[in-house]
Structures are given as structure tokens and as C-alpha cells.
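Chemist: First, the structure itself, so that you have it in front of you.
The values are calculated or read from the model by the stated rules, or taken from the named source; none is laboratory data. Nothing here was measured: the structure is a model prediction, and the numbers come from that model. Cβ coordinates were reconstructed from backbone atoms using ideal geometry, including for glycine residues, and neighbour counts include every protein chain displayed.
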Amino acid sequence: MQQILQEIYEEIRPLLGEGEVASYIPQLAHISPQKFGMAVITIDGDCYSIGDAQEPFSIQSISKLFTLTMAMQNDDGSLWKRTGREPSGNAFNSLVQLEYENGIPRNPFINAGALVVTDLILTQLGNAKQAVLDFICALTDNLNISFNLAVAQSEASVGFRNKALAYFLKSFGNIYNNVESVLDAYFHHCSIEMSCLDLAKASLYLANKGLCPTTQQTIVTTRQTKYLNSLLLTCGTYDAVGDFAYRVGLPAKSGVGGGILAVMPNKFGICVWSPGLSPEGNSKAGTMALDLFTTKTGISIF
């Protein structure tokens, strides 16, 4: 496995620097597009990594996987009445689609859906901001994971479209709490900094039928694990999910910080980080690295 990661690193080097860093978030504009890290952790605890796999980065929309997990843990039956489960086919921050569909986001991984999920957690747990951070720290057994407050402030200062989405959702009655409280929690969730190793470890419950190998606690049921992995496959990489499934063949969640977290059920979690993004918002080198990984190992869900 380590040799395969080394081969991938060498093959994707020419791609480093391609794509666009998410400069519309001012604090992310300074990240070097030459960064690359990749980590694989098996459910048995074997660990392999290459490059900048230990360097924390802003997980951005990867946080939506963890907030959705928490919402499903405490769901009173309202979750799937307030958001759908279909691929969006549009930009992750589309206002047009939200209006057309009467304030019901297409899925929980686009921004509107994640805002609804954050609102649910705020209702369920009170402190949505800290609860998500505590959950992630427990999954990774790493208490040093934290918010990047400069990134959170940066997103709040320029997040006009997300603010528009939140108020638009409120106008349809699909945000119950104070809009600014929901936005504050959402921006902080996106600002959480983790390394590839942290994220690969955090995802292991999805590779292990809902059981976290780190804590030996059941995070979600086997059935909920199936639901989460299916949503990752069909909705986790913005409106490039078809191409990503075709090339990579793993359930995955991407973020505009350049990270992509993927899962192979019953085997491992894998995370790759490279900040240069495709027009859809997915890491260009990261997608290629995962494509090479499933090709070289012959391991995918298909």
C-alpha cells in the first residue's frame, strides 16, 4: 500500500498547481496549490500516508458529513421532510434551485441542505458549534482539532450567498432558529482544521458498519451507515458526482479547502488533500489520486 501511494504521488506531481484555490474565501487564497497529502487507514488500524498528510487544512464541506451523521443520530423524523436525497445537478450554492423546489434543498450536502442540518442540530443539542467539534475530536481521539477562527471570520465576512440561502430558507419556514446563529455555527463547522490522517480516521465508522474502531462505540446503525454511504456516492462531490463515481468508485465528500474524504466499506477510510480545484469545486489532483488508487489496487465498490 505504501508503494502504491508513492507511485501515485509521483504520477500526480504534474497536476499540482493546476486548478483554482478557493480564493473567494480570503483566508484560503494564501494556501499553496503545491500542497499534496494522502492517507489510508484500515478498520484494523493499519496506516499509510504520503506527502503533507499530517498538515491540518480547512475541511470546509467535508464537515457536512459529520453534521449529517449527528442529525441522523438524533432525528425525530423531520430530517427527510426538510431536505431531499437527490443529486443537485446545479452549483452547490444555487438559489434558483431552492426557489424552484419551494425551500426544500435537493440534498444535505449542498449548502442549503447543510444549513437545514445545522438548524436541526441547533434545535437538538443547543450548542451546534461545539457539539460538532466535540464529535469530531472523539472520532479521531485528537483533542487538538479546532476551529480556525480567522477562516470562520473570513467566511462570515464574504458569505453573502450563504446568508441569502439561510434567509431564503427561513422565508419558506425551513429554518427554525435564529438565522445568524445557524450561520455562525455553519461557518465554524467549515473552518475546522484536520489533516488527511485525522479525516481518514474519522471516517472509519462508515467503513465499519457504523462502529467507531477508535472508541468502540456505535455511531450510527448499519442501516444508517448504508444511507450515509449512498448519499456520499450520489451527492458528495457537488455536481460532478457522476464523473467522480465513474472515475473513483468510492463514496466520498469533498470540500473547497481541497480535501476529499472517501470510504471503502468493510476496509478503510482514505483522504487526499490538494488545494487546486476543478470548476465544480473538487480537488483536481485529489480526484486523480483517488482514480489512480482504485485503479492500481483494484479496490472500489464496483
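Chemist: Looking at the structure I just gave you, is Asp243 under 16 Å from the mean Cα position of the chain (by Cα), modelled with pLDDT of 95 or more and of a type in the set (D, E, K, R)?
Modeler: no
Chemist: Among the numbered criteria (1) modelled with pLDDT of 95 or more; (2) buried (at least 17 other Cβ atoms within 10 Å of the Cβ), which one does Pro87 miss?
Modeler: Looking at each condition in turn, Pro87 falls short on (1).
Chemist: I've got another one for you. Identify the residue in segment 206-232 that is among the hydrophobic types (A, V, I, L, M, F, W, C) and assigned to a helix (DSSP H, G or I) and, among all such residues, is surrounded by the most Cβ atoms within 10 Å (Cβ to Cβ).
Modeler: Leu206
Chemist: Restricting attention to segment 11-29, which residues are part of a loop (DSSP other than H, G, I, E, B) and within 18 Å of Ala285 (Cα to Cα)?
Modeler: Leu16, Gly17, Glu18, Gly19, Val21, Ala22, Ser23, Ala29
Chemist: Restricting attention to segment 260-302, which residues are assigned to a helix (DSSP H, G or I), over 20 Å from Lys201 (Cα atoms) and among the aliphatic types (A, V, I, L, M)?
Modeler: Scanning segment 260-302 gives Ala285, Met288, Leu292.
Chemist: Here are some conditions: (1) farther than 27 Å from Tyr24 by Cα; (2) at pLDDT below 95. Phe268 meets all but one. Which one does it not meet?
Modeler: Result: Phe268 passes all but (2).
Chemist: In segment 236-255, is there at least one residue being buried (at least 24 other Cβ atoms within 10 Å of the Cβ) and touching a Pro at 6+ places or on another chain (Cβ under 7 Å)?
Modeler: Among the residues of segment 236-255, at least one is buried (at least 24 other Cβ atoms within 10 Å of the Cβ) and touching a Pro at 6+ places or on another chain (Cβ under 7 Å), which makes the answer yes.
Chemist: Scan segment 32-47 and report the pairs whose first residue is over 12 Å from Gly269 (Cβ atoms) and whose second residue is hydroxyl-bearing (Ser, Thr, Tyr), with Cβ atoms within less than 6 Å and a gap of 6+ or a chain change.
Modeler: Taking only residues 6 or more apart or on different chains, the pairs are Phe36/Ser274.
Chemist: Tally time: how many residues in segment 1-26 are of a type in the set (Asp, Glu) and farther than 30 Å from Ala150 by Cβ?
Modeler: 3
Chemist: Please specify each residue of segment 51-83 satisfying the condition of being over 18 Å from Tyr186 (Cβ atoms) and surrounded by 17 or more Cβ atoms within 10 Å (Cβ to Cβ).
Modeler: The answer is Gly51, Asp52, Ala53, Pro56, Phe57.
Chemist: When you scan segment 143-157, how many residues do you find that are buried (at least 17 other Cβ atoms within 10 Å of the Cβ), more than 11 Å from Glu193 (Cβ to Cβ) and touching a residue at least 40 places away in the same chain (Cβ under 8 Å)?
Modeler: 2
Chemist: Of the residues that make up segment 57-79, is at least one over 24 Å from Cys212 (Cβ atoms) and not hydroxyl-bearing (Ser, Thr, Tyr)?
Modeler: Yes - at least one qualifying residue is present in segment 57-79.
Chemist: Now, a different point. Quick check on segment 33-48. Is at least one of its residues crowded, with 23+ Cβ neighbours inside 10 Å, assigned to a strand (DSSP E or B) and of a type in the set (Phe, Trp, Tyr)?
Modeler: No - not one qualifying residue is present in segment 33-48.
Chemist: Do you know which residues across segment 168-205 are part of a loop (DSSP other than H, G, I, E, B) and either in contact (Cβ under 8 Å) with a residue 60 or more places away in the chain or buried (at least 23 other Cβ atoms within 10 Å of the Cβ) (or both)?
Modeler: Phe172, Gly173, Asn174, Ile175, Ser195, Ser203
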